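Right, one structure below, let's go through it.
The values are calculated or read from the model by the stated rules, or taken from the named source; none is laboratory data. Note that the coordinates shown come from a computational prediction; the quantities given were computed from them, not determined experimentally. Backbone-built Cβ (ideal geometry, glycine too); neighbour counts: all protein chains shown.
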Amino acid sequence: MKRIVLGGAVLALTLGACAKQTDLEPTPGASLPPQPYGAPEQPDADDLLDRPTQAAPERNRELRTRSEERKQDPFDLPPEG
């Protein structure tokens, strides 16, 4: 019983350490990418993680709202042979 409790405590501490959030820094010996051409200043790590709206647009409505029967495709021909 003690092993189960001890194992659960170790697991909880391990998972708790995974959620630790700190500022992003380049690894030692590495640097951020070069400044983009035409950019007024060097972006920091947080700026590099922000995606522009065009990279991940939000959908404002569902394209298909219900199941519909597919129309006959005149080019869906059986293989020759």
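Worth pointing out:
- Qualifying residue in segment 43-59 (condition: surrounded by 10 or more Cβ atoms within 10 Å (Cβ to Cβ), free of Cβ contacts under 8 Å to residues at least 60 places away in the same chain and of a type in the set (Gly, Ala, Ser)): yes
- Given (1) small (Gly, Ala, Ser); (2) modelled with pLDDT of 75 or more; (3) surrounded by fewer than 10 Cβ atoms within 10 Å (Cβ to Cβ), index of the condition Ala19 fails: (2)
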